[in-house]
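Written out below as structure tokens is the structure these notes cover.
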Amino acid sequence: MSFDAKYKAQDYNSVGTRPVRPDGVDKVTGRARYGADFNMPGQLVGRVLRSPHAHARIVSIDTSGAERLKGVKAVVTAADLPDLTNGDQTLFDILDNCMARSKAFYDGHAVAAVAAVDAKTAREALKRIEVEYEVLPHVIDVDEAVKPSAPVLRDDVFTGGVEPKPQTPSNIANRSEFGHGDVDEGFAEADVIVERSFRTEQTHQGYIEPHACVASMNPDGTADMWVCTQGHFVYRQNCADLLGLDVSKLRVTSSEIGGGFGGKTHVWMEPVALALSRKAGRPVKIVMSRNEVFRASGPTSATSIDVKIGAKKDGTITAAQATLRYSCGPYEDIWGEFGAKTSFACYGLKNVKSVGYEVLVNRPKAAAYRAPSAPMAAFAVESTIDELAQKIGLDSIEFRIKNAAKEGTRSSYGPVYGPIGIGPTLEAAQNHPHMKAPLGKNQGRGMACGFWFNFGGQTCTDLNIGSDGTATLAVGTVDVGGARASLSLVAAEELGIPYENVRAVVADTASLGYNDMTDGSRGTFSSSMATISAARNAVKVLRERAALTWDIPVEDVIWEDGCAKATDKKHGNLPPLTIADIAETAGKTGGPIAGHSELVADGAGVSFATHICDVEVDPETGATKILRYTVIQDAGKAVHPDYVEGQYQGGAAQGIGWALNEEYIYGEDGRLQNPGFLDYRIPVCSDLPMIDTQILEIPNPNHPYGVRGVGETSIVPPLAAIANAVSNAAGVRMTHIPMSPPRILAALEGESEG
Amino acid sequence: MAEVNLSAALAALADNERQIQIEAKDIRELFRKLEERYPGLEPVLKNDVAVAIDGVIYRDNWSKELPDDAEIFLMRRLTGG
């Protein structure tokens, strides 16, 4: 990468304004094409047969009845998706999750699939597939799963991260530890210690659009896929690896996306659609039902967390430790490790220790959910911090400011921080009118901090100048939250042309070099960096063409206000050449004008936020109403402030649902009892107040405009902020998320009895 | 000379060394020298490790220069939502 990404202060014409997003009208009028809106001539309907058992050995699968049914064109099982993963355990786990091999590990695990001429035939075909299961004991609960008596899911998983290496398999796939100092010594110095255990239930990202794709495989080995995804290049790689395809022969086009939040970062049924298409010789479309989305895609971890924090009477924290157990579903992941890394990242601590465990359970494969693992850890730690502040008799914000991490602090996960933004978010909260607003009966206020890493990644962008001087921007990061508008603003800024003269599109995998997916709050951070680079390359060409036109050295041509201008007086009084003037004659000065960029956008920098929340708890019903909510977060530079605010509000809204209502409820049989939006209740507009936002702009030194990612951190503080508010309103410490009415009533009754 | 700090999981692949002194001009050279000294690290360095240089985390830019006396932390590669 030769592009200099260092921040340079400048005035902006386009960046920082709030124009209408280019995809907005299509989305509100129904013209936008989401995953399920794409169709091909001759396409078949794909349907997946799923295990009704939480844990079962697959003894046999007889597909002959389905294959004999008129209208059925293909039936596939794991035998049609052979293991080509070459020892890559992560990839094998994705394969096994797409189609169970020897065992079904959860209610909803795919075991077979059909492609038929219509949905009715496909449904009938699924009924004619006979699967013989040997039902096995199952374990759903994360605390139960770590007990020696629990049924062990996998005989090939031995706890990693411990010495000596265990000789027997375990549901604890890995242990990770972070920290420094001596916590025992620190606790000995403490005047007050608070120790609590917390639980959070499993939630789904709750994207409105279910997973959907159309796959078409040709006899010559080429293939196409149209799919709803956060990363079509990653889906291409996953599918090519799992089906043994040449990467470049599979073209993947991403649709509009109706939410992903981490749940659309790796494949689920897409390889199955390709396998069906390969067998049937026709395109195959699979659209998950809501039931399938809940049972077989992307929930986050359920957790069990123990926290202990000690402080002196002057408010100095002397020691902090946490043990965090995160459910992973049946496959090892790093969710507990992320919880351990992020748990104490907001604070400067002399003695700190956090231990994370990855726990296998008979639930769906856990996926990232916006700042994965951090919200649960923040709930446990920030609740304990609040209680400790109250016991010492300090204001909760003052206590946090006193102990907040700052430049030079050794983070709890290892490195020493450079310049960071937690202090400014806390000070903004302290000075915010929200903190001084009066509260009524049964009302309470809570606040909390949150941390997330953020990252960048591989990014490739093309910018093409049209013959009239307008520009087309082709990016490879899927637009999940207004990125096309933001990136158009960036291109307009660099070229010096109006926002309306730029059209940004998300290009397919055959049209651009590889792009990492839109995750890690990287979409606008990375693609804006690549857009600036591509635009500056295009401007270089524009200057060269102007120099040719004027027959003067290119060094004497500058680019300003969308025009080439001759700088040296010896060139006389040459009138500026506009971008349209230069584009119009491009065919005679060297051909099309374009700028390209491929780079690795690294140096995203860590991110902090502080949230404030007011609630009212009804002591008769246990119901909680959110009265007021404020999000304060550093954006570096808000390219399109509307969409920065949208990310802040969206994270808060999802966090409110997680905190108050959402949870996976399993029966004794290990089957999910609430796989639908009627029984799994996400917040609707009437549940939410207007969520206020305050954007701080502390430039990121590793981006030309100072941009930081903003997509994830906003979901980290809400669980804790709301729990603190509810605890203050109800007068009892809430330790179990969600704080649904029955749990609040039980806590109130327990308090009055206790 | 950079002081390279390894997470516990990575240290297990490097003779349980948590801190290593290495002369390297960029991440690529750092990884090459780590592989030479600790062959057990070779598989994870390919794609499973991120590098924090003075607190800023780099996942992919192996050309990133290591300033003199920089604090280097190796950790597992991040994923996000």
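The values are calculated or read from the model by the stated rules, or taken from the named source; none is laboratory data. Note that the coordinates shown come from a computational prediction; the quantities given were computed from them, not determined experimentally. Please note: Cβ atoms are built from the backbone with ideal geometry, for glycine as well, and neighbour counts cover all protein chains shown. Surface areas here come from the heavy atoms of the whole protein model, side chains and all, with no ligands, DNA or RNA. Shrake-Rupley method; radii C 1.70, N 1.55, O 1.52, S 1.80 Å.
General remarks:
- Members of the stretch A:424-438 that are open to solvent by less than 20 Å² (accessible area, probe 1.4 Å) and over 22 Å from A:Val192 (Cβ atoms): A:Thr425, A:Ala428, A:Ala429, A:His434
- The lone exception for B:Met1 - which of (1) at pLDDT below 90; (2) within 14 Å of another protein chain (Cβ to nearest Cβ); (3) more than 26 Å from A:Thr300 (Cα to Cα) it fails: (2)
- Among residues of the stretch A:206-215 being on the phi < 0 side of the Ramachandran plot and surrounded by fewer than 24 Cβ atoms within 10 Å (Cβ to Cβ), the one that is nearest to the other protein chains (Cβ to nearest Cβ) is A:Tyr207.
- Test for A:Lys441: is it open to solvent by 40 Å² or more (accessible area, probe 1.4 Å) and within 14 Å of chain B (Cβ to nearest Cβ): no
- Scanning the stretch A:131-165 for residues that are surrounded by fewer than 20 Cβ atoms within 10 Å (Cβ to Cβ) and within 30 Å of A:Ala66 (Cα to Cα) yields A:Glu132, A:Tyr133, A:Glu134, A:Val135, A:Leu136, A:Pro137.
- Qualifying residue in the stretch A:502-515 (condition: buried (at least 24 other Cβ atoms within 10 Å of the Cβ), within 30 Å of A:Val615 (Cβ to Cβ) and of a type outside the set (A, V, I, L, M, F, W, C)): no
- Hits in the stretch A:216-236 (condition: touching a helix residue (DSSP H, G or I) at 6+ places or on another chain (Cβ under 7 Å), without any contact (Cβ under 8 Å) to a residue 60 or more places away in the chain and not aliphatic (A, V, I, L, M)): A:Gly221, A:Thr222, A:Tyr235
- Scope the stretch A:378-417; condition free of Cβ contacts under 8 Å to residues at least 60 places away in the same chain, in a loop (DSSP other than H, G, I, E, B) and either of a type in the set (Phe, Trp, Tyr) or surrounded by fewer than 20 Cβ atoms within 10 Å (Cβ to Cβ) (or both); matching residues: A:Gly393, A:Asp395, A:Lys406, A:Glu407, A:Gly408
- The condition of being within 22 Å of the chain's Cα centre (by Cα), open to solvent by 10 Å² or more (accessible area, probe 1.4 Å) and not polar (S, T, N, Q) holds for only one of A:Tyr680, A:Tyr648, A:Tyr666, A:Tyr643, that being A:Tyr643.
- Selection from the stretch B:62-81 of residues that are open to solvent by 20 Å² or more (accessible area, probe 1.4 Å) and more than 8 Å from every other protein chain (Cβ to nearest Cβ): B:Trp62, B:Glu65, B:Pro67, B:Asp68, B:Asp69, B:Arg77
- Selection count where residues are open to solvent by less than 20 Å² (accessible area, probe 1.4 Å), within 12 Å of chain A (Cβ to nearest Cβ) and over 20 Å from A:Gly418 (Cα atoms), scope the stretch B:10-38: 2
- Identity of the residue in the stretch A:263-289, open to solvent by 10 Å² or more (accessible area, probe 1.4 Å) and within 14 Å of chain B (Cβ to nearest Cβ), that ends up nearest to A:Val114 (Cα to Cα): A:His266
- Any hit, the stretch A:712-727, residues being open to solvent by less than 10 Å² (accessible area, probe 1.4 Å), touching a residue at least 12 places away in the same chain (Cβ under 8 Å), away from every other protein chain (no Cβ under 14 Å) and more than 24 Å from A:His432 (Cα to Cα): no
- Here is the figure for the stretch A:202-215: residues that are in contact with a helix residue (DSSP H, G or I) (Cβ under 6 Å, 6 or more places away or on another chain) and assigned to a loop (DSSP other than H, G, I, E, B) total 2.
- Breaking point among (1) more than 30 Å from A:Thr253 (Cα to Cα); (2) outside any strand (DSSP E or B), for A:Ser60: (2)
- A:Phe451 fulfils the conditions (1) in contact with a strand residue (DSSP E or B) (Cβ under 6 Å, 6 or more places away or on another chain); (2) more than 14 Å from A:Thr531 (Cα to Cα); (3) of a type outside the set (Lys, Arg); (4) away from chain B (no Cβ under 14 Å) except for a single criterion, (4).
- A:Thr531 being of a type in the set (S, T, N, Q), assigned by TED's automatic domain parsing to the domain that holds A:Ala483, without any contact (Cβ under 8 Å) to a residue 60 or more places away in the chain and in contact with a strand residue (DSSP E or B) (Cβ under 8 Å, 6 or more places away or on another chain): no
Listed here are the residues, each with its yes/no results for (1) among the β-branched types (Val, Ile, Thr); (2) modelled with pLDDT under 90; (3) open to solvent by 30 Å² or more (accessible area, probe 1.4 Å).
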{"position": "B:Ala8", "(1), (2), (3)": "no, yes, yes"}
{"position": "B:Gly40", "(1), (2), (3)": "no, no, yes"}
{"position": "B:Val51", "(1), (2), (3)": "yes, no, no"}
{"position": "B:Asp60", "(1), (2), (3)": "no, yes, yes"}
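- Enumeration of residues in the stretch A:537-565 that are aliphatic (A, V, I, L, M) and not in a helix (DSSP H, G or I): A:Ile552, A:Val557, A:Ile558, A:Ala564
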